[in-house]
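Inspection log for the structure reproduced underneath, given as structure tokens.
The values are calculated or read from the model by the stated rules, or taken from the named source; none is laboratory data. Here the structure is a predicted model, which means the values were calculated and not measured. Ideal geometry is used to build each Cβ from the backbone, glycine not excepted, and the neighbour counts take in all protein chains shown. Only protein heavy atoms, including side chains, enter the accessible area calculation; ligands, DNA and RNA are left aside. Shrake-Rupley method; radii C 1.70, N 1.55, O 1.52, S 1.80 Å.
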Amino acid sequence: MTGSSMRAALPKQAVSIFAPPHPSIDTAAGLAELTAMTSGTRPPAACLIGWPAAHSRSPLIHHYWLRTLGIEGGYVIEAVPPDEFQDFVFRLSLRGFVGANVTIPHKEQALALSKPDERARAVGAANTLWYQDGELCSTNTDVEGFINNLDACAPGWDKCEDALVLGAGGAARAVLFGLIERGVKRVHLANRTEARAGALADQFGASVLPVAWKALDELLPRAGLLVNTTSLGMHGQPALELDVGRLPSNAVVSDLVYVPLETPLLSAARERGLQTADGLGMLLHQAVRGFELWFGKRPQVTSELRAIVEADLNKV
Ligand code: NAP
């Protein structure tokens, strides 16, 4: 089944539930219209779909915004195994949801079952779903989470001509897309498995230059922005061995890892007086767009919200 025919297909059981004169539910628009008729008085709710339903900070973040903005709405975690994901997504609005966040292992399937925007397509994974004109749309909010966090923590970071990105997994794709979209001239990309960096460079075009891991030291003096997208530095993982003393004195250092909040890389960069952007900031900023799409108001990443999530992370 192709992506578009999968999108058009609706569950057979749903068709048998309703008889005319209800709107047709063999189209996404008909299904959305019908759902609107039956759920007009219900407050809007969104969910996080994952398997297993890991302990996530998303409910904490969205409940904070619902409360402080005075919006009546909900956000819950839904544990959905891979073989039930397609059915769950097709019935998302019938279940009373205006949209969803999607996490491991469903992000690629979410892309295939929805109408993705340019960001989701480039990253190859969708983490946010919402309805527009009855159609299930998707995006990848890690891109703006990363960029907006940099803008908030280190305004002017984009004056740099050379960025150095470490890692070539899912998070690296979002970072590369964001940096290219923002107009960074050269993005040097290093990964432990060098072939993966080469493959990403081929895909993202001429501004992404693969570089050998062992050549990192030579590149550091030119890097106006250093981004760690590997899991090095995370609790239980080895630290990232890198001499931040070789970076230019106006360099910005960003680490996507947020457990611990202050990774050895960020701590060394701060000690050297460099500007930094941490993984928790990115996590908070990436949640903004979903909330706006589902509940109609653009929320702010406040220091109070950050303190609430930090306290929760510190419980672990
Ligand atoms: P992923 O797809 O599994 O990629 C992991 C990357 O880390 C790969 O490039 C891998 O290199 C590299 N790596 C793993 N162990 C390594 C080691 N011992 N030495 C060198 N490189 C190593 O994971 P992901 O989804 O991209 O996530 C990466 C990190 O970003 C995670 O810590 C995640 O929590 C974080 N993240 C944070 C946010 C946020 O909002 N703050 C969002 C997304 C991700 P190989 O290719 O050689 O295996």
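Observations
- 15 Å reach of a label modelled at R246, 7 Å along Cα-to-Cβ, counting backbone N of segment 155-185: 164-166
- Between helix 170-182 and the chain there is an angle of about 80 degrees, using the helix long axis and the longest principal axis of the Cα atoms.
- The order of C47, C153, C160 by accessible area, most exposed first and with a 1.4 Å probe, is C153, C160, C47.
- Net +/- balance of residues flanking T229 in space, Cβ distance below 15 Å, scoring K and R +1, D and E -1: 0
- Folded to 0 to 90 degrees: helix 58-69 orientation relative to the chain principal axis, Cα: 70 degrees
- Over segment 209-316, accessible surface divided per residue gives 47 Å², non-protein components excluded, 1.4 Å probe.
- Share of carbon and sulfur in the accessible area of the chain stands at 53%, probe radius 1.4 Å.
- Within-14-Å neighbourhood charge of G74 [Cβ basis; K, R +1; D, E -1]: +1
- Across the options A195, I180, Q109, the greatest Cα extent toward the positive end of the charge dipole of segment 98-227 (unit charges at beta carbon of Lys, Arg, Asp, Glu) belongs to A195.
- In the structure shown, the pairs K115/K315; K107/K315; K115/K297 are assessed against 32 Å; a Cα-Cα span above that value is assigned to K115/K315.
- Per-residue HN-Hα couplings for segment 226-238 [Karplus 6.51, -1.76, 1.60; θ = phi - 60°; Hz; x = Gly/Pro]: 10, 10, 9, 10, 7, 8, 5, x, 6, 3, x, 10, x
- Relative to the longest principal axis of the Cα atoms of the chain, the long axis of helix 142-153 lies at roughly 50 degrees.
- Long-range amide H partners of V76 with built H, under 5 Å: A46, C47, L48
- Accessible surface for L256 stands near 30 Å², nearest 10, in the context of the full protein assembly shown (1.4 Å probe).
- Trypsin sites (Lys or Arg not before Pro) restricted to DSSP loop in segment 116-208 with at most 12 other C-beta within 10 Å: K185, R192
- The charge dipole of segment 80-178, taken about the Cα centre with unit charges on the Cβ atoms of Lys, Arg (+1) and Asp, Glu (-1), comes to about 180 debye, rounded to the nearest 20.
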